[in-house]
1. So residue 129 clears everything in (1) at pLDDT below 95; (2) in a loop (DSSP other than H, G, I, E, B) except one condition, right? Which one?
2. Out of curiosity, is residue 154 surrounded by 13 or more Cβ atoms within 10 Å (Cβ to Cβ) and at pLDDT below 95?
3. Among the residues of segment 116-128, write down those that are farther than 17 Å from residue 82 by Cα and surrounded by 18 or more Cβ atoms within 10 Å (Cβ to Cβ).
């Protein structure tokens, strides 16, 4: 059974009786998401839920079950770009060590093209964004520490460590 991701949903719950005896109660939930509007109806006595709404493609359903493809694509692009920056830096460093360029040329190249060689670690991740990054990093090579996560996704390392402790405290890590 899918879990409803309620953190990105604005709810306006309404309870209404559907029988004259009062034994059956239906729960009507109406909500707004960034990508659409929906309502859901559920009966207290079972796990069946009926959804209806309007969204851009599957955006509402994806968000309700915890899939945000835009965020995944953005995080993966950032991770690939940061690994490319690291590779570029070490290639340039190797050229300096091999005597192909001078130390001054090494530093001047980096200073002139920081976007190609320097990984920024300035984003303060939310708990949810960090958990998404953790899930994505499980299949990546050599991601073994919070420092690796911070560098890969451009997260502030001290904030990443704080959020990781919070996630561990509440048992969110698996």
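1. Status for residue 129: all satisfied but (2).
2. no
3. Step one: of segment 116-128, the residues farther than 17 Å from residue 82 by Cα are 126-128.
Across segment 116-128, there are no qualifying residues.
Each row is one residue, and each column tells you yes or no for (1) more than 18 Å from residue 73 (Cα to Cα); (2) part of a loop (DSSP other than H, G, I, E, B); (3) assigned by TED's automatic domain parsing to the domain that holds residue 76.
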residue	(1), (2), (3)
105	yes, no, yes
108	yes, no, yes
121	yes, yes, yes
136	no, no, yes
142	yes, yes, yes
148	yes, no, yes
151	no, no, yes
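The values are calculated or read from the model by the stated rules, or taken from the named source; none is laboratory data. The structure presented is a predicted model; accordingly, all values stated were derived computationally and were not measured. Please note: Cβ atoms are built from the backbone with ideal geometry, for glycine as well, and neighbour counts cover all protein chains shown.
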